[in-house]
2 protein chains.
Amino acid sequence: MLTPLTADLAPDDVALVRLARWLLANGCDGLGVLGTTGEANSFSVEERLAITEALVAGGLPMERIIIGTGCCAVPDTVRLTRRALEVGAGGVLVLPPFYYKGVSDDGLFAAFAETIERVGDSSLRLYLYHFPRMSGIDLPLPLIERLLAAYPHVVAGTKDSGGDLARIEATCRAFPGFAVFAGTERYLLAALRAGGAGCISATINVTGRPAAGLVARWRSPEAETLQAHLTELRATIEAFPLVAAVKEIMARHTGEDGWRAVRPPLVALPPDQADALVARLEALGGLDLAPLP
Amino acid sequence: MLTPLTADLAPDDVALVRLARWLLANGCDGLGVLGTTGEANSFSVEERLAITEALVAGGLPMERIIIGTGCCAVPDTVRLTRRALEVGAGGVLVLPPFYYKGVSDDGLFAAFAETIERVGDSSLRLYLYHFPRMSGIDLPLPLIERLLAAYPHVVAGTKDSGGDLARIEATCRAFPGFAVFAGTERYLLAALRAGGAGCISATINVTGRPAAGLVARWRSPEAETLQAHLTELRATIEAFPLVAAVKEIMARHTGEDGWRAVRPPLVALPPDQADALVARLEALGGLDLAPLP
């Protein structure tokens with residue numbers, strides 16, 4: 001889920017709640033807030049906590065929300081995770097600590113273990129956020145296996161944004177009952193066929209309806225056709241910087257310029273790229289977006 | 001500078017102040033606290049502020065201290081930088097926001113510019129922390145040039161941990177008056193010859209005396225020999241994970257096991273590696289470390 005911003009780049013709580021409700025009413029079974037698309041790491045811990053509170057105050061069904069809480073510093077991850085639990089979030093999506101590169105699997109295990117131990121609540125449902133292109137950190141399957149063995153109910157699943165379908169399928173096979181979300185709707189059908197849970201994706205902010213259509217009919221003969229269309233939409237958007245592109249689409253859809261705001265180091269799409277994106281999407285028949293409430 | 005930790009992995013203020021005084025008395029002209037070696041990004045903002053306060057309370061000469069303040073989130077960087085200024089730190093060492101990869105130079109410029117504008121104090125002396133292997137972000141020279149043009153007194157220098165001597169020399173040539181610190185004492189002599197300011201290095205925690213010896217005599221005929229010895233020491237230590245290796249050396253030197261503590265995702269050196277490190281250093285004649293006060 002995007003994090004809408006005000007003109008001075010603060011989180012826009014009103015737009016956030018509007019977006020959350022709209023997504024749940026238009027194809028999304030749940031929400032992943034404060035992930036990469038939500039610019040989580042561009043916010044302070046206090047801002048991230050305030051975003052969580054805004055969703056609570058907005059009356060969103062927190063059990064359908066997974067909150068990104070993974071920071072470089074374990075104490076930050078613990079603090080955010082505790083609050084997510086307190087407000088009844090369905091789970092937390094946790095990046096490995098991502099400053100140091102080339103760290104050992106022992107070190108990564110220790111970071112997740114310390115997070116889980118310090119949170120100290122067996123109701124925790126922790127999803128491992130695998131996104132090596134951003135984090136610079138690999139989460140190899142033996143590490144997941146070790147975490148699952150140590151914390152079998154707490155380590156609940158993964159969002160795999162590694163872009164490697166074979167790994168997603170292997171993860172589904174290796175750990176039955178472990179909820180594997182593909183990080184892109186490009187692999188939604190393949191993930192479902194492999195026993196995965198679905199997808200959590202930047203572009204789902206604007207492709208929720210066709211994605212839901214595929215989820216509803218993934219065992220039907222039309223599934224391949226539905227996936228092919230979804231893949232075309234995804235490919236069109238991901239040819240541009242992803243967060244800025246999705247925010248641009250929301251700005252066009254709502255007629256509200258504020259949607260374009262991103263925090264540095266991200267930048268809004270330049271007008272020529274924005275026009276090209278829209279033209280290409282229209283050539284595919286557009287996005288079938290419902291009006292925002 | 002290392003950040004010593006207590007047994008429960010909290011910053012150890014007493015050991016921190018001891019270490020700071022010892023370093024300044026044994027070869028270091030100044031201190032770089034809360035950099036990569038200081039495990040800065042493994043601490044919350046509050047812990048980082050407390051580390052700063054501990055140095056102030058310990059009576060350290062703050063004008064000789066550069067504090068690492070660069071976070072993924074600009075508000076965190078601003079908050080830490082403001083406090084560094086308030087306590088009279090000699091400068092701040094600022095990583096680019098390092099979660100998003102593949103960002104544009106416009107986005108990086110905007111992140112530094114917003115930091116500087118929001119701090120809003122012309123007495124700020126900001127050092128650009130170039131460490132692409134950890135941050136995953138390049139800071140190309142044209143970006144530095146643009147920042148220098150926009151903030152000529154504030155953007156004061158760089159710590160270049162890129163491992164590329166040609167770049168360090170090119171930076172010295174391109175921006176006279178800009179303080180270029182090599183990120184390793186391996187390039188200390190070369191940096192000084194190119195007009196650089198010196199070095200800020202993990203291993204200087206334990207090579208401060210020989211490094212100071214080189215700085216004192218870098219124009220003398222012995223300079224090459226002094227550099228060669230320093231390079232041998234550096235190469236020996238950096239064959240191991242750097243922070244853990246330097247902490248191991250401090251543990252052996254003081255006889256205090258607590259020095260080995262690191263925060264996940266880092267891990268202490270396993271005993272066999274620790275023994276190998278010490279044996280190799282002894283084969284070079286040892287490190288000539290003064291007792292800690």
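Determine if the stretch A:15-32 includes at least one residue that is in contact with a helix residue (DSSP H, G or I) (Cβ under 7 Å, 6 or more places away or on another chain), among the β-branched types (V, I, T), in contact (Cβ under 8 Å) with a residue 24 or more places away in the chain and closer than 17 Å to A:K247 by Cα. Checked the stretch A:15-32: at least one residue is in contact with a helix residue (DSSP H, G or I) (Cβ under 7 Å, 6 or more places away or on another chain), among the β-branched types (V, I, T), in contact (Cβ under 8 Å) with a residue 24 or more places away in the chain and closer than 17 Å to A:K247 by Cα.
Just one of the listed residues (A:G107, A:G157, A:G162) is at pLDDT 95 or above, part of a loop (DSSP other than H, G, I, E, B) and not aromatic (F, W, Y), namely A:G162. Looking at B:I137, is it among the aliphatic types (A, V, I, L, M), in a loop (DSSP other than H, G, I, E, B), within 19 Å of the chain's Cα centre (by Cα) and within 14 Å of chain A (Cβ to nearest Cβ)? Yes, satisfied.
If you filter the stretch A:6-27 down to residues that are of a type outside the set (A, V, I, L, M, F, W, C) and in a helix (DSSP H, G or I), you find that the one that is farthest from B:R118 (Cα to Cα) is A:R21. Within the stretch A:76-95, the residues that satisfy the criterion of being buried (at least 21 other Cβ atoms within 10 Å of the Cβ) and away from every other protein chain (no Cβ under 11 Å) are A:T81, A:A84, A:A89, A:G91, A:V92, A:L93, A:V94.
When the stretch B:101-129 is filtered for residues that are in contact with a Gly (Cβ under 8 Å, 6 or more places away or on another chain) and free of Cβ contacts under 8 Å to residues at least 40 places away in the same chain, the ones remaining, listed by number, are B:K101, B:R125, B:L128.
Within the stretch B:28-75, the set of residues being away from every other protein chain (no Cβ under 13 Å), more than 15 Å from the chain's Cα centre (by Cα) and part of a loop (DSSP other than H, G, I, E, B) comprises B:G58, B:G59, B:L60, B:P61. Residues that are away from chain B (no Cβ under 11 Å), of a type in the set (S, T, N, Q) and under 22 Å from A:D160 (Cα atoms): does the stretch A:116-127 have at least one? There is no residue in the stretch A:116-127 that is away from chain B (no Cβ under 11 Å), of a type in the set (S, T, N, Q) and under 22 Å from A:D160 (Cα atoms).
Considering the stretch A:110-134, the residues that are outside any helix (DSSP H, G or I) and closer than 21 Å to A:G183 by Cα include one that is farthest from the chain's Cα centre (by Cα), namely A:R125. Applying the set (1) β-branched (V, I, T); (2) touching a helix residue (DSSP H, G or I) at 6+ places or on another chain (Cβ under 8 Å); (3) more than 14 Å from chain B (Cβ to nearest Cβ) to A:I200 leaves exactly one unmet item: (2). Being more than 14 Å from chain B (Cβ to nearest Cβ) and crowded, with 17+ Cβ neighbours inside 10 Å is the requirement here; does A:L269 meet it? Taking the combined requirement at face value, the residue does not satisfy it.
The values are calculated or read from the model by the stated rules, or taken from the named source; none is laboratory data. Fair warning: this is a prediction, and the values are worked out from it, not measured in the lab. A quick note on method: Cβ atoms are made from the backbone with ideal geometry, for glycine too, and the neighbour counts reach across all protein chains shown.
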